[in-house]
2 protein chains.
Amino acid sequence: MQMNTDQLSMTFSALADPTRRGLLQTLASGQATVGELAHPYSMSMAAISKHLKVLENAKLISRTKEAQWRRCKFEGAPLKDASQWVQKYTKFWEGQLGMLDDYLIESEGMNND
Amino acid sequence: MQMNTDQLSMTFSALADPTRRGLLQTLASGQATVGELAHPYSMSMAAISKHLKVLENAKLISRTKEAQWRRCKFEGAPLKDASQWVQKYTKFWEGQLGMLDDYLIESEGMNND
DNA sequence: TAAGTTATTAACTAAATGGTTAAATGCAAA
DNA sequence: TTTGCATTTAACCATTTAGTTAATAACTTA
(Lines give C-alpha, C1' and ligand atoms only; values in the text may rest on other atoms or scores of the structure.)
Protein backbone atom coordinates (compact mmCIF):
# COMPACT_ATOMS: atom_id res chain seq x y z
CA MET A 1 0.00 0.00 0.00
CA GLN A 2 2.73 2.49 0.83
CA MET A 3 6.30 2.34 -0.37
CA ASN A 4 8.85 2.18 2.45
CA THR A 5 10.82 5.37 2.03
CA ASP A 6 13.32 5.20 4.87
CA GLN A 7 16.87 4.64 3.71
CA LEU A 8 17.42 1.33 5.47
CA SER A 9 14.26 -0.14 3.94
CA MET A 10 15.28 1.16 0.51
CA THR A 11 18.71 -0.43 0.87
CA PHE A 12 17.45 -3.84 1.96
CA SER A 13 14.71 -3.73 -0.65
CA ALA A 14 17.23 -2.98 -3.40
CA LEU A 15 19.37 -5.90 -2.24
CA ALA A 16 16.41 -8.29 -2.13
CA ASP A 17 16.71 -9.19 -5.82
CA PRO A 18 19.35 -11.48 -7.33
CA THR A 19 19.53 -9.49 -10.56
CA ARG A 20 20.30 -6.30 -8.67
CA ARG A 21 22.87 -8.03 -6.48
CA GLY A 22 24.44 -9.36 -9.68
CA LEU A 23 24.57 -5.87 -11.15
CA LEU A 24 26.35 -4.62 -8.04
CA GLN A 25 28.79 -7.50 -8.27
CA THR A 26 29.60 -6.59 -11.84
CA LEU A 27 30.05 -2.96 -10.87
CA ALA A 28 32.40 -3.97 -8.09
CA SER A 29 34.80 -5.07 -10.83
CA GLY A 30 34.68 -1.56 -12.24
CA GLN A 31 32.34 0.93 -13.85
CA ALA A 32 30.18 -0.20 -16.75
CA THR A 33 27.54 1.06 -19.17
CA VAL A 34 23.94 -0.12 -19.09
CA GLY A 35 24.50 -2.25 -22.17
CA GLU A 36 27.52 -3.95 -20.64
CA LEU A 37 25.62 -4.56 -17.44
CA ALA A 38 22.61 -5.95 -19.31
CA HIS A 39 24.64 -8.34 -21.45
CA PRO A 40 24.75 -11.38 -19.10
CA TYR A 41 20.99 -11.30 -18.49
CA SER A 42 18.21 -12.71 -20.63
CA MET A 43 16.10 -9.69 -19.95
CA SER A 44 15.27 -6.57 -21.93
CA MET A 45 17.45 -3.53 -21.52
CA ALA A 46 14.37 -1.68 -20.28
CA ALA A 47 14.10 -4.15 -17.40
CA ILE A 48 17.76 -3.67 -16.51
CA SER A 49 17.27 0.07 -16.74
CA LYS A 50 14.51 -0.19 -14.15
CA HIS A 51 16.65 -2.30 -11.84
CA LEU A 52 19.37 0.33 -12.14
CA LYS A 53 16.85 3.02 -11.23
CA VAL A 54 16.00 1.09 -8.07
CA LEU A 55 19.70 0.89 -7.20
CA GLU A 56 20.12 4.58 -8.00
CA ASN A 57 17.15 5.58 -5.84
CA ALA A 58 18.71 3.56 -3.04
CA LYS A 59 21.97 5.47 -3.73
CA LEU A 60 23.81 2.19 -4.30
CA ILE A 61 24.96 3.37 -7.71
CA SER A 62 25.51 6.68 -9.47
CA ARG A 63 25.39 7.36 -13.18
CA THR A 64 27.27 9.85 -15.29
CA LYS A 65 26.44 10.77 -18.88
CA GLU A 66 29.11 10.19 -21.49
CA ALA A 67 27.87 10.80 -25.03
CA GLN A 68 24.99 8.33 -25.46
CA TRP A 69 26.26 6.09 -22.70
CA ARG A 70 25.48 6.10 -19.00
CA ARG A 71 28.46 4.99 -17.01
CA CYS A 72 27.37 3.33 -13.77
CA LYS A 73 29.43 3.31 -10.62
CA PHE A 74 28.99 1.37 -7.41
CA GLU A 75 28.32 3.55 -4.37
CA GLY A 76 28.68 1.72 -1.11
CA ALA A 77 27.77 4.43 1.38
CA PRO A 78 24.26 3.14 2.21
CA LEU A 79 25.70 -0.28 2.97
CA LYS A 80 27.30 1.05 6.14
CA ASP A 81 24.02 1.37 8.02
CA ALA A 82 22.72 -1.88 6.56
CA SER A 83 25.92 -3.62 7.60
CA GLN A 84 25.67 -2.23 11.11
CA TRP A 85 22.04 -3.28 11.46
CA VAL A 86 22.67 -6.81 10.29
CA GLN A 87 25.87 -7.21 12.25
CA LYS A 88 24.29 -6.07 15.49
CA TYR A 89 21.72 -8.85 15.22
CA THR A 90 24.17 -11.38 13.85
CA LYS A 91 26.42 -10.82 16.83
CA PHE A 92 23.49 -10.95 19.21
CA TRP A 93 22.53 -14.26 17.64
CA GLU A 94 26.02 -15.67 17.84
CA GLY A 95 26.11 -14.51 21.44
CA GLN A 96 22.89 -16.41 22.13
CA LEU A 97 24.38 -19.54 20.60
CA GLY A 98 27.48 -19.09 22.72
CA MET A 99 25.33 -18.78 25.81
CA LEU A 100 23.64 -22.05 24.96
CA ASP A 101 26.96 -23.74 24.40
CA ASP A 102 28.18 -22.54 27.75
CA TYR A 103 24.95 -23.59 29.51
CA LEU A 104 24.21 -20.02 30.51
CA ILE A 105 20.76 -18.54 30.91
CA GLU A 106 18.95 -18.11 27.61
CA SER A 107 17.37 -14.86 26.33
CA GLU A 108 19.20 -12.31 28.38
CA GLY A 109 18.00 -9.72 25.87
CA MET A 110 19.84 -7.04 23.98
CA ASN A 111 20.16 -3.35 24.57
CA ASN A 112 18.08 -1.02 22.53
CA ASP A 113 20.36 1.34 20.58
CA MET B 1 6.07 -11.45 -11.68
CA GLN B 2 7.96 -14.16 -9.77
CA MET B 3 8.67 -14.17 -6.08
CA ASN B 4 12.37 -14.31 -5.25
CA THR B 5 12.77 -17.60 -3.47
CA ASP B 6 16.50 -17.76 -2.78
CA GLN B 7 17.38 -17.43 0.89
CA LEU B 8 19.41 -14.23 0.59
CA SER B 9 16.58 -12.47 -1.26
CA MET B 10 14.08 -13.71 1.32
CA THR B 11 16.26 -12.40 4.13
CA PHE B 12 16.81 -8.95 2.64
CA SER B 13 13.16 -8.74 1.64
CA ALA B 14 12.05 -9.56 5.18
CA LEU B 15 14.36 -6.85 6.55
CA ALA B 16 13.10 -4.26 4.06
CA ASP B 17 10.21 -3.21 6.26
CA PRO B 18 10.44 -1.08 9.40
CA THR B 19 7.62 -2.94 11.15
CA ARG B 20 9.38 -6.26 10.68
CA ARG B 21 12.71 -4.82 11.81
CA GLY B 22 10.88 -3.49 14.85
CA LEU B 23 9.43 -6.91 15.58
CA LEU B 24 12.91 -8.43 15.44
CA GLN B 25 14.19 -5.72 17.76
CA THR B 26 11.49 -6.53 20.28
CA LEU B 27 12.28 -10.22 19.99
CA ALA B 28 15.95 -9.52 20.61
CA SER B 29 14.90 -8.47 24.12
CA GLY B 30 13.37 -11.90 24.61
CA GLN B 31 10.60 -14.13 23.35
CA ALA B 32 7.10 -12.72 23.04
CA THR B 33 3.58 -13.68 22.02
CA VAL B 34 1.89 -12.25 18.95
CA GLY B 35 -0.29 -10.02 21.10
CA GLU B 36 2.70 -8.61 22.96
CA LEU B 37 4.50 -8.00 19.70
CA ALA B 38 1.47 -6.33 18.14
CA HIS B 39 0.86 -4.02 21.09
CA PRO B 40 3.14 -1.08 20.08
CA TYR B 41 1.73 -0.91 16.56
CA SER B 42 -1.43 0.81 15.35
CA MET B 43 -2.16 -2.10 13.10
CA SER B 44 -4.52 -5.05 13.33
CA MET B 45 -3.26 -8.26 14.84
CA ALA B 46 -3.94 -9.92 11.50
CA ALA B 47 -1.44 -7.58 9.87
CA ILE B 48 1.20 -8.37 12.49
CA SER B 49 0.46 -12.05 12.06
CA LYS B 50 1.24 -11.68 8.36
CA HIS B 51 4.48 -9.85 9.06
CA LEU B 52 5.43 -12.65 11.42
CA LYS B 53 4.69 -15.18 8.70
CA VAL B 54 7.11 -13.33 6.41
CA LEU B 55 9.77 -13.45 9.12
CA GLU B 56 9.02 -17.12 9.75
CA ASN B 57 9.27 -17.99 6.04
CA ALA B 58 12.63 -16.22 6.00
CA LYS B 59 13.55 -18.31 9.06
CA LEU B 60 14.27 -15.17 11.05
CA ILE B 61 11.86 -16.29 13.77
CA SER B 62 10.37 -19.54 14.99
CA ARG B 63 7.08 -20.05 16.77
CA THR B 64 6.04 -22.56 19.38
CA LYS B 65 2.47 -23.24 20.49
CA GLU B 66 1.65 -22.76 24.12
CA ALA B 67 -2.06 -23.10 24.89
CA GLN B 68 -3.71 -20.38 22.80
CA TRP B 69 -0.50 -18.40 22.55
CA ARG B 70 2.25 -18.54 19.94
CA ARG B 71 5.58 -17.74 21.50
CA CYS B 72 7.94 -16.16 18.95
CA LYS B 73 11.69 -16.43 19.08
CA PHE B 74 14.34 -14.61 17.13
CA GLU B 75 16.44 -16.87 14.87
CA GLY B 76 19.54 -15.20 13.57
CA ALA B 77 21.00 -17.96 11.39
CA PRO B 78 19.99 -16.42 8.02
CA LEU B 79 21.66 -13.16 9.01
CA LYS B 80 25.09 -14.74 8.67
CA ASP B 81 24.98 -14.89 4.89
CA ALA B 82 23.32 -11.49 4.67
CA SER B 83 25.97 -10.06 6.94
CA GLN B 84 28.74 -11.56 4.86
CA TRP B 85 27.27 -10.27 1.62
CA VAL B 86 26.84 -6.73 2.91
CA GLN B 87 30.20 -6.66 4.65
CA LYS B 88 32.06 -7.80 1.57
CA TYR B 89 30.72 -4.85 -0.38
CA THR B 90 31.01 -2.45 2.52
CA LYS B 91 34.65 -3.32 2.88
CA PHE B 92 35.20 -3.05 -0.85
CA TRP B 93 33.63 0.39 -0.73
CA GLU B 94 35.69 1.51 2.22
CA GLY B 95 38.73 0.18 0.39
CA GLN B 96 37.81 2.28 -2.63
CA LEU B 97 37.54 5.36 -0.44
CA GLY B 98 40.88 4.57 1.12
CA MET B 99 42.46 4.27 -2.29
CA LEU B 100 41.15 7.68 -3.23
CA ASP B 101 42.48 9.15 -0.01
CA ASP B 102 45.89 7.67 -0.73
CA TYR B 103 45.85 8.89 -4.34
CA LEU B 104 46.03 5.35 -5.65
CA ILE B 105 44.45 4.12 -8.87
CA GLU B 106 40.69 4.01 -8.72
CA SER B 107 38.50 0.97 -9.51
CA GLU B 108 40.97 -1.84 -9.12
CA GLY B 109 38.01 -4.20 -8.98
CA MET B 110 37.06 -6.91 -6.56
CA ASN B 111 37.47 -10.64 -6.77
CA ASN B 112 34.46 -12.77 -7.52
CA ASP B 113 33.83 -15.17 -4.61
C1' DT C 1 -21.22 -26.50 27.68
C1' DA C 2 -21.05 -21.72 26.91
C1' DA C 3 -18.29 -17.74 26.77
C1' DG C 4 -13.99 -15.43 26.38
C1' DT C 5 -9.11 -15.07 24.66
C1' DT C 6 -5.40 -15.57 21.26
C1' DA C 7 -4.13 -16.13 16.87
C1' DT C 8 -4.69 -17.48 12.02
C1' DT C 9 -7.15 -17.61 7.72
C1' DA C 10 -10.28 -15.91 4.13
C1' DA C 11 -11.86 -12.53 1.17
C1' DC C 12 -11.18 -8.29 -0.39
C1' DT C 13 -8.68 -3.83 -1.88
C1' DA C 14 -5.10 -0.49 -3.36
C1' DA C 15 -0.65 0.02 -4.55
C1' DA C 16 4.00 -1.64 -5.69
C1' DT C 17 7.00 -4.72 -8.38
C1' DG C 18 9.04 -6.85 -12.30
C1' DG C 19 8.55 -7.84 -16.62
C1' DT C 20 7.08 -6.92 -21.72
C1' DT C 21 7.01 -4.13 -26.34
C1' DA C 22 6.94 0.20 -28.56
C1' DA C 23 7.85 5.01 -28.69
C1' DA C 24 10.78 8.86 -27.50
C1' DT C 25 15.27 11.06 -26.41
C1' DG C 26 20.00 12.37 -27.10
C1' DC C 27 24.07 11.99 -29.18
C1' DA C 28 27.50 10.63 -33.14
C1' DA C 29 28.70 9.81 -37.60
C1' DA C 30 28.01 9.36 -42.51
C1' DT D 1 20.26 15.91 -42.21
C1' DT D 2 19.33 11.41 -42.11
C1' DT D 3 20.59 7.26 -39.97
C1' DG D 4 21.93 4.54 -36.24
C1' DC D 5 23.11 3.43 -31.48
C1' DA D 6 22.36 3.61 -26.26
C1' DT D 7 19.21 4.43 -23.05
C1' DT D 8 14.93 5.86 -20.87
C1' DT D 9 10.04 6.35 -20.69
C1' DA D 10 5.23 5.05 -21.57
C1' DA D 11 1.65 1.93 -21.55
C1' DC D 12 0.39 -2.24 -20.34
C1' DC D 13 -0.07 -6.75 -17.67
C1' DA D 14 0.27 -10.31 -13.96
C1' DT D 15 1.79 -11.05 -9.49
C1' DT D 16 2.98 -9.73 -4.90
C1' DT D 17 2.51 -6.97 -0.86
C1' DA D 18 0.43 -4.73 2.98
C1' DG D 19 -3.36 -3.56 4.89
C1' DT D 20 -8.55 -4.12 6.21
C1' DT D 21 -12.73 -6.69 8.45
C1' DA D 22 -15.01 -10.90 9.36
C1' DA D 23 -14.97 -15.72 10.14
C1' DT D 24 -12.73 -19.71 12.07
C1' DA D 25 -9.84 -22.47 15.10
C1' DA D 26 -7.94 -23.83 19.34
C1' DC D 27 -7.61 -23.49 23.90
C1' DT D 28 -9.26 -21.92 29.06
C1' DT D 29 -12.23 -21.06 32.35
C1' DA D 30 -16.70 -20.04 34.52
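The values are calculated or read from the model by the stated rules, or taken from the named source; none is laboratory data. Because the structure is a prediction, the values reported are computed rather than measured. In this analysis, Cβ positions are derived from the backbone assuming ideal geometry, glycine residues included, and neighbour counts consider all displayed protein chains.
Note on segment B:1-19: among residues that are farther than 18 Å from A:THR19 by Cβ and more than 8 Å from DNA strand D (Cβ to nearest atom), the one that is nearest to the other protein chains (Cβ to nearest Cβ) is B:LEU15.
Candidates are the residues of segment A:33-79 that are farther than 22 Å from A:MET10 by Cα and in contact with a helix residue (DSSP H, G or I) (Cβ under 6 Å, 6 or more places away or on another chain); the one that is surrounded by the most Cβ atoms within 10 Å (Cβ to Cβ) is A:ALA38. Scanning segment B:96-107 for residues that are within 9 Å of chain A (Cβ to nearest Cβ) and modelled with pLDDT of 50 or more yields B:GLN96, B:LEU97. The residue of segment B:37-72 that is nearest to the other protein chains (Cβ to nearest Cβ), among those that are away from DNA strand D (no atom under 11 Å from the Cβ) and in contact with a Phe, Trp or Tyr (Cβ under 9 Å, 6 or more places away or on another chain), is B:LEU60. Between B:SER83, B:SER42, B:SER13, B:SER62, the distinction of being in a strand (DSSP E or B) and polar (S, T, N, Q) belongs to B:SER62 only.
Can A:VAL34 be described as of a type in the set (Val, Ile, Thr), more than 30 Å from B:GLY22 (Cβ to Cβ) and touching a residue at least 24 places away in the same chain (Cβ under 8 Å)?
yes
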